[in-house]
Amino acid sequence: MSLEIQKTLESSYVMHTFGRSNVDFVGGHGMTLVDDAGREYTDFLAGIGVCCLGHGHPALVEAVRDQAERLMHVSNYFYIEHRGEVAALLSKLANDDMDGARILADAIVAGHADEVRAAAAPAADEQVWETFFANSGAEANEGSMKLARLYAHRTGNGGNTIVCLRGGFHGRTLETIAATMQDWLQGSFKPLPGGFVACTPNDIDELRAIFDKLGSEICAVMVEPIQGESGVHPLTREFMQAAADLVHGVGGLLIADEVQTGIFRSGKPFAFQTLGVVPDIMSLAKGIAGGVPAGACMARREVADVFRPGDHGSTFGGSCLAVAAAEAVLCELVRGAYDEHAAEVGAYFAERLAALPHVDEVRGAGLMVGCDLDEEAGDAHDVVAALLDAGFVINATGAHTLRFLPPLVCEREHVDALVSALADVLA
């Protein structure tokens, strides 16, 4: 279907909730997207951090094809293949146990059931993380907040207030909009669910003042280790540690929203590991299944075990197709040393960007990179449009901020090509 026909159909029948660029992508391979006219583009957005293995990766394509031919969905009333394996891999990764994850992934790929069971078995002193499978980041965050409040109700301090950060983004449901401290997102949808308090990122004094005022009314602090939608703004180690200390001091929990930052994007399995502070609960989505819709709420076992049958659920969460895709993606990432690759190429990318004219600041970790442009560069959205014309897909999060979330298969030569094109646009 041509771009013009697609535009005509969508203008009549699709709700106008997005301002779309004038391109219709119909195919892709690796770092490359292909439009309806056969033109190729280098992808530095990856479906907003989703397509972590790029487009058409053989391991993911084969897993989805094989699973679709066998069984796509039953329901969460039954056991299914791959779900336990994915949860065990995620637990190893949450502990930053790359050796353990690699041994487990090797056994999964080899199809050796006894070796999988042995590799997945936790050691006596190993922290076990349990997973609830969802369909999206918003659902994963809803699950995280429900779990935090349930924990407070059943075994914690009895509080129900969640401290969230200004400039954050946690989803588009009413509850996650309420947790997203941005007025422009909230204003048209009030009244919103209550129980949320805003704090300025990296302002420890303000955070302490909130705890001095509310104390054990607070059941959780919810943070993104790196705020993506605000323009790639990392939290400091000091703030993350203060958040953990303060919330644990009143009997509450620390929630890490790793929807955009997780699954090796930061150069570690999860971005909290770059800050040296371990949360009690975390939410995942985007890259977890490489493009198949999937999300997850993970928690330390002692927290997760407050959930009982009937407390939470999902029709499609953890479906046969989703967990087969997630297993293929995680095994490929673990066995392919993508943590090291993302860290190395991301550092090179940041260095190249910082040397460009009209670039004021570069931020991020691994292959989650943002840069601020000066006033002379013009509107960042115009830069995005010019780069699309030049064959590169990127994103702007504001009038002066560019965001880059390329697939983790990104190489230095892709970075060089983008930086050269960006230099021409900014000249």
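Remark: the range 187-311 carries a charge dipole of roughly 360 debye about the Cα centre, counting +1 on each Lys and Arg Cβ and -1 on each Asp and Glu Cβ. Cross-link partners of LYS286 among lysines, defined as those whose alpha carbon lies under 21 angstrom from its own and excluding same-chain residues fewer than eight positions apart: LYS92, LYS146, LYS268. Just want the answer: with Cβ charges of +1 for Lys and Arg and -1 for Asp and Glu, which residue in GLY378, GLY317, GLY398 is farthest toward the dipole's positive end in the range 307-427? Farthest towards the positive pole: GLY317.
For ARG166, the amide hydrogen comes within under 5 Å of the amide hydrogens of CYS199, THR200, counting only partners 5 or more places away or on other chains and with H modelled in the peptide plane. Computed over the alpha carbons of the range 63-166, Rg followed by Dmax gives 17.1, 48 Å.
Each Lys and Arg contributes +1 and each Asp and Glu -1, all at the Cβ; summed about the Cα centre of the range 15-96, the dipole is approximately 220 debye. Of the Cα atoms belonging to the range 228-295, the radius of gyration and Dmax stand at 12.8, 39 Å. Residues MET72, MET15, MET298, ordered by accessible area of protein heavy atoms at a 1.4 angstrom probe radius and largest first, appear as MET15, MET72, MET298.
Across the options GLN227, ALA296, PRO201, the greatest Cα extent toward the positive end of the charge dipole of the chain (unit charges at beta carbon of Lys, Arg, Asp, Glu) belongs to ALA296.
From largest to smallest, the equivalent ellipsoid semi-axes obtained for the chain from the alpha-carbon gyration tensor read 32, 28, 21 Å. Backbone geometry of the range 412-421 corresponds, through the Karplus equation with coefficients 6.51, -1.76 and 1.60 at θ = phi - 60°, to 3J(HN,Hα) couplings of 4, 5, 5, 4, 4, 5, 5, 4, 5, 5 Hz, x marking Gly and Pro.
Over the chain, dividing the summed -39,500 (n - 2.57) contributions of all DSSP H runs of at least 4 residues by the number of residues returns a 222 nm mean residue ellipticity of -12500 deg cm²/dmol. Accessible surface computed residue by residue for the chain, with neighbouring protein chains in place and a 1.4 Å probe, gives 43 Å² per residue. Of TYR77, TYR348, the order by accessible heavy-atom surface (1.4 Å probe, DNA, RNA and ligands excluded), from most exposed downward, is TYR77, TYR348. Along the charge dipole of the range 87-158, Cβ charges K/R +1 and D/E -1, which of ALA138, ALA101, VAL116 sits furthest on the positive end? Farthest along the dipole direction, towards plus: ALA138.
Here the dipole of the chain is about 1240 debye; that uses its Cα centre as origin and unit charges on the Cβ of Lys and Arg (positive) and Asp and Glu (negative).
The values are calculated or read from the model by the stated rules, or taken from the named source; none is laboratory data. Source: prediction; values computed, not measured. All Cβ positions, glycine included, derive from the backbone under ideal geometry; neighbour counts span all protein chains shown. Accessible surface is based on the protein model in full, side chains and every heavy atom, while ligands, DNA and RNA are left aside. Shrake-Rupley method; radii C 1.70, N 1.55, O 1.52, S 1.80 Å.
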